[in-house]
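Below is one structure; the comments refer to it alone.
Every read-out reported here was derived from the displayed coordinates using simple, explicitly stated rules and does not represent laboratory data. Not measured: the values here are computed from a predicted model. Positions of Cβ are backbone-derived with ideal geometry, glycine not excepted, and every protein chain shown enters the neighbour counts.
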Ligand SMILES: [Fe+2]
């Protein structure tokens, strides 16, 4: 396994508590939205939430798959995440750093089906990378005790190649961040960045908090004080791909993200049966380009609501960055 630089600590230790790192105002906004989830959820565009007020969506999905004989297949698609190898030609990625490899997991929702853990461990076995990232949604249910999410996440973190950096997603409570970091197995980037040495040079790895529900993401804050993109090319971790224009304006070379689950339950060909959030269809799954930035929306390693997938297999992604 190749670490970014074996002469440095594997994970850059956080200098301050989470609230300080996010700014106290952003932290307070996030906690307020967590506490009053129902009220905020009813105010925003979320077709699944609106439908779930009328019909029991989860039971209907289960019933529909069983009635059509697709349930076992959909369970198998959920429980067998595949390692997907991809190369990206990035206009802002320098030739000197050709070949940086990023192992990308996202949307574990690990409490929905802890039986997924052995499949994830099998999926990452033997994967060689320089850096590992998890782009949020460690947790699925707001009712799952924090300690349980932590223990399940730790089983995956212990198996991942170091260093591991991450962000939180819209399902994660901010109080999960410090215990996650206390494992010593992951460093979260809460609207902040680290500069990592690589092949005698350096690149900037920034990350933002959730923008979808908690409105806590802040790219300018994450990039504040960073070297210029010319001195240190930029990678941005974000839970979802709703930040493309702003990330491009900040000269980001590559953005791995998740959140959409690729639709999770799709028609043959990958068109989702139920769209998630207001996102252009090209951002729903796979690679995309915004200006000179290349991004990738993972279909997700886990998924939410019901542990099934249809025409949208779970994935662990190994990105290799190349210059354009
Ligand atoms: Fe998710």
Given contacts defined as C-alpha pairs under 8 Å and at least six residues apart, what's the relative contact order of the range 83-218, whole-number percent?
20
Could you rank the peptides 126-139, 280-293 by their average count of other C-beta atoms within 10 Å per residue, with the highest value first?
126-139, 280-293
Looking at the square roots a ≥ b ≥ c of the eigenvalues of the Cα gyration tensor of the range 77-171, which shape do they give, rounded for a/c under 1.5, prolate if a/b is larger than b/c, or oblate?
prolate
Cα long-axis angle, helix 146-157 against the chain (0 to 90 degrees, to the nearest 10)
60
Log10 I(q)/I(0) at q = 0.08, 0.13 Å⁻¹ for the chain, from Debye over equal alpha-carbon scatterers, is -0.33, -0.92
If contacts are Cα pairs under 8 angstrom and at least 6 residues apart, what is the relative contact order of the chain in percent?
27
Taking the simple approach of a point 7 Å from Cα along Cα-to-Cβ for both residue 51 and residue 73, what is their distance in nm?
2.0
With runs of 4+ DSSP H residues as the only contributors, calculate the mean residue ellipticity of the chain at 222 nm using -39,500 (n - 2.57) per run, divided by the residue total and rounded to the nearest 500.
-7500 deg cm²/dmol
Cα gyration tensor, the range 159-211 - rounded (a/c under 1.5), prolate or oblate:
oblate
Any chance you could list the semi-axes, whole Å, largest first, of the equivalent ellipsoid that the Cα gyration tensor gives for the range 198-324, using √(5λ)?
28, 16, 12
Based on the Cβ-Cβ distance of residue 66 and residue 141, what FRET efficiency does E = 1/(1 + (r/R0)^6) give at R0 = 25 Å, to the nearest 0.05?
0.65
